[in-house]
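Q: Sharing a structure here in structure tokens format.
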Amino acid sequence: MTEFRNGIWCSLAPHLAADYERFVAEYEFIRNAEGRGSLDPTYYHALPYQDLSGKMTAQWKIRARTFDHLLQHILKPLADQRQQPLRILDLGAGNGWLSYRLSRLGHLPVAVDLLTNDRDGLSAGSNFSSQLPVMFPRVQASLDDMPFASETFDLAIFNASFHYSQDYRKTLAEALRCLRPSGTVVIADTPWYAKQESGVMMVEEKHMQFRAAYGFASNSLQSQEFLTPERLEDLARTHELTWQEFRPFYGIKWALRPLIARLKHRRTPSQFRIYTAKVPA
């Protein structure tokens, strides 16, 4: 059952809400400790190009470069082809910055997330309403169980969110269900490793860091956490997809990280790539 509360369509089944309760509590605690969000609406208006808080500048630089690459190489060609505004699923929308930017371009996004808080979740999207003629819809839902009719959207973007999935096959299947024939799915800003063992080491290190900083490992949700060539190949085979890979340039320091890690005999750091695929017609 879907309810409309405080500008958000709440469509999270009670049993799923219970399943996610601990994850949401831990996630919000960590994000708050990191200083995410702001009481100033202009902070949200500036995203992803500026972090007016100055607390997560490096991360927002990555988001901005990914977004620009997405616009130039994926969104614009699709819009030119269809010659009309695109209906877009913003999956893992957080505060809604991507939906805001897409709305400003004339598209029709729907922001989907589990979190509804007013600093880093869907309620923070209200900061964009004064800047838009029509506010984009915000929907609280699991990415594995969304309240949309099949074959409704032209584009689905996993907005730095795909790695939170507990089952990549299931999460991707739900996004594909919502797409029209020849629609496009995009996975952006999910950590990518050439080797499985590097990703496993990253997860272990992250849990250790969280335990030291916050007193818990933040592993209540058994998320997949990262992508590898093998995982992408499995998804392509399972869903009969052909991935197209894009590699945004994040700066020379970022590009040199794998080389420096090898020279120092350290774990290969994660990389960010954009993967897209079309729904079979």
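The values are calculated or read from the model by the stated rules, or taken from the named source; none is laboratory data. Note that the coordinates shown come from a computational prediction; the quantities given were computed from them, not determined experimentally. Here the Cβ positions follow ideal geometry from the backbone for every residue, glycine too, while neighbour counts run over all protein chains shown. Areas reflect the complete protein model, heavy atoms only, side chains present, ligands, DNA and RNA absent. Shrake-Rupley method; radii C 1.70, N 1.55, O 1.52, S 1.80 Å.
Q: So, in nm, how far is label Ser130 from label Glu34 when the simple model puts each one 7 Å beyond its Cα toward the Cβ?
A: That separation, rounded to one decimal, is 2.7 nm.
Q: With a 1.4 Å probe and all protein chains left in place, how much of the accessible area of the range 83-140 comes from carbon and sulfur atoms, in whole percent? Before the final figure, lay out each step's value.
A: Working: 970 of 2090 Å².
Taking all protein chains in place, the range 83-140 shows 47 percent carbon and sulfur surface.
Q: On the Cα set of the range 183-263, report Rg and Dmax in Å, please.
A: 15.4, 44
Q: Simple spin-label model, 7 Å along Cα-to-Cβ: Asp167 to Thr42 in nm?
A: 4.8
Q: Follow-up question, since we're still on this one. Only residues of the range 151-178 count here: report those whose backbone N is under 19 Å from the spot 7 Å along Cα→Cβ of Asp19, or say none.
A: 161-178
Q: Can you give me the solvent accessible area of Asp68 with a 1.4 Å probe, rounded to the nearest 10 Å²?
A: The value for Asp68 is about 70 Å².
Q: Between Leu263 and Arg5, with labels modelled 7 Å along Cα→Cβ, what's the label distance in nm to one decimal, could you check?
A: Result for the modelled spin labels: 5.4 nm.
Q: Check the straight Cα-Cα distances from Lys206 and name the aspartates and glutamates below 13 Å, setting aside those fewer than 8 residues away within the same chain.
A: Straight-line reach from Lys206, under 13 Å: Glu225.
Q: So, one more: Restricting to Cα atoms and excluding each atom paired with itself, what does the Kirkwood estimate give for the range 79-191 in Å?
A: Numbers: mean 1/r = 0.0711 Å⁻¹.
For the range 79-191, inverting the mean 1/r across all distinct Cα pairs yields 14.1 Å.
Q: If you don't mind, another one. For the range 1-61, I need the span (max minus min coordinate) of the C-alpha atoms along each principal axis, in Å, sorted largest to smallest.
A: Projected onto its principal axes, the Cα set of the range 1-61 covers 38, 24, 19 Å.
Q: Two decimals is fine: what's Rg over Rh for the range 140-281, C-alpha atoms, Kirkwood radius as Rh?
A: Numbers: Rg = 16.5 Å, Rh = 16.5 Å.
Radius of gyration relative to Kirkwood radius: 1.00.
Q: To continue, here is another question. Convert each backbone phi in the range 91-107 into a coupling constant with the Karplus relation 6.51 cos²θ - 1.76 cosθ + 1.60 (shift: θ = phi - 60°), then list the ³J(HN,Hα) values in order as whole Hz, x for Gly and Pro.
A: 9, x, 6, x, 7, x, 4, 5, 4, 4, 5, 5, 5, 4, 7, x, 8
Q: Hey, another quick one. Apply the Karplus parameterisation 6.51 cos²θ - 1.76 cosθ + 1.60, with θ equal to phi minus 60°, to every residue of the range 242-248 and state each ³J(HN,Hα) to the nearest whole Hz, in sequence, with x for glycine and proline.
A: Coupling constants for the range 242-248: 10, 7, 10, 9, 10, 10, x Hz.
Q: Could I ask something else about it? Quick one: which of Lys55/Lys76; Lys170/Lys278; Lys170/Lys195; Lys195/Lys253; Lys195/Lys264 span more than 29 angstrom between C-alpha atoms?
A: On the way: Lys55/Lys76 31 Å; Lys170/Lys278 17 Å; Lys170/Lys195 23 Å; Lys195/Lys253 21 Å; Lys195/Lys264 18 Å.
Result: Lys55/Lys76 exceed 29 Å.
Q: For all pairs of alpha-carbon atoms in the range 1-136, what percent lies in each bin of width 10 Å, listed from the first bin to the last filled one?
A: 11, 39, 34, 15, 1
Q: Would you mind calculating the gained length between Arg247 and Leu221 on full extension (0.36 nm times residue separation, minus the Cα-Cα distance), in nm to one decimal?
A: On the way: separation 26, 0.36 × 26 = 9.36 nm, distance 2.89 nm.
Here the segment from Arg247 to Leu221 would lengthen by 6.5 nm.
Q: Rounded to whole Hz and in sequence order, give me ³J(HN,Hα) for the range 10-20 from the Karplus expression 6.51 cos²θ - 1.76 cosθ + 1.60, θ = phi - 60°, writing x for Gly and Pro.
A: 9, 10, 9, 4, x, 5, 6, 4, 5, 5, 8
Q: Kirkwood Rh, Cα Rg: Rg to Rh for the range 133-179?
A: Numbers: Rg = 11.3 Å, Rh = 11.6 Å.
For the range 133-179, the value is 0.98.
Q: With every protein chain left in place, what is the accessible area per residue of the range 147-281 in square angstrom, probe 1.4 Å?
A: Numbers: 6820 Å² over 135 residues.
In whole numbers, the range 147-281 has 51 Å² accessible per residue.
Q: Post the alpha-carbon centroid distance, the range 72-130 to the range 220-281, in whole angstrom.
A: Distance between centres, Cα-based: 23 Å.
Q: Amide H to amide H, which residues 5 or more places from Ala156 or on other chains are under 5 Å from it, using H placed in the peptide plane?
A: Those lying under 5 Å, H to H, from Ala156 are Leu89, Thr184, Val185, Val186.
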